[in-house]
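Nothing in this text is a laboratory measurement; each read-out follows from the coordinates by a stated rule. Fair warning: this is a prediction, and the values are worked out from it, not measured in the lab. Cβ atoms come from the backbone with ideal geometry, glycine included; neighbour counts cover every protein chain shown.
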């Protein structure tokens, strides 16, 4: 918050926006509507983070079926670009960089897309700050830029509700965003289906070395009809 | 009073905490042990809902050890960003007590 000059409301707006998506996801653990005032009055866990900034731990599982393009039932999702990176700052930085910035240009070039082109974005969200950090590294702009895009409905962000609303199912959390992106690309997202969903970005982040995650990954998926 | 046990790389002098197998800077695997008790507070927070077995609010600080790495320390006294502090080490936990 200090580095980007953000008030608590900036994290809150992200959490509230994801909760709106979660209301449309029957598998989410938090589905009831959430107001910004309710977010701001949630119990503090560790100043400045409140209960609703921290992923709820749930039991659950994720799975995807991987097969050849010919055998996949259409519409399917295919991997257009993939990148993984170790954060080389070795726990000596602020934790507000993930390493994705180093691989983002090659990722977008390989995908033949730009950040503004993707229809659905699933960002690993253990805390709101990590959503902002990864999106900044991947070229989506500063936190205020991201919030503008969410408000204007130009950015369909964590349409399952994300882990902050759907829950973090232990080690299965790493696939949460993949499953949501594949559902959207295959047209299986029910009430929260994004119209004409042709492309999706998915990220992963984690393995806390001492103070923050040591590695990150990102993939661009495309619909195959 | 003992300080935080920092492993200092025998080849390049880089200090790490907690201990590592290989030096992240030069890749060597030989270490010398150095206890560092002085540091400066870079961040601090209060965890109001601490995990078991800790009871009640727990204050934590990110401390830059003198000529050493950043460590997460428990605050048992008032300390603010920028304060010079002495860090002790007990049961695997850096603690700012004095």
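Annotations
- Peptides B:77-89, B:34-46, A:162-174, ordered by how many other C-beta atoms sit within 10 Å of their residues on average, highest first, read A:162-174, B:34-46, B:77-89.
- Label-reachable residues, region B:1-26, where backbone N falls under 14 Å from a point 7 Å from residue B:33's Cα toward its Cβ: B:2-8, B:19-20
- Cα gyration tensor, region A:1-110 - rounded (a/c under 1.5), prolate or oblate: oblate
- Cα shape, region A:55-141, gyration tensor, a/c 1.5 rule: oblate
- Pairwise FRET efficiency - residue A:193 versus residue A:71, Cβ, R0 = 25 Å, nearest 0.05: 0.55
- Separation in nanometres of the label points that stand 7 Å from Cα toward Cβ, at residue A:215 and residue A:61: 2.4
- Counting only Cα atoms, the size of chain A along its three principal axes is 52, 40, 34 Å, in decreasing order.
- Spin-label proximity, residue A:51 to region A:146-167 - amide N less than 17 Å from point 7 Å beyond Cα toward beta carbon: A:164-167
- B:72, B:98 arranged by Cβ crowding within 10 Å, fewest neighbours leading: B:98, B:72
- Debye intensity ratio I(q)/I(0), log10, region A:17-73, q values 0.21, 0.23 Å⁻¹ (C-alpha model): -0.91, -1.01
- Cα gyration tensor shape for region A:105-225, rounded if a/c is under 1.5, else prolate or oblate: rounded
- Subtracting the Cα-Cα distance of residue A:40 and residue A:92 from 0.36 nm times their residue separation leaves 15.6 nm of extension gain.
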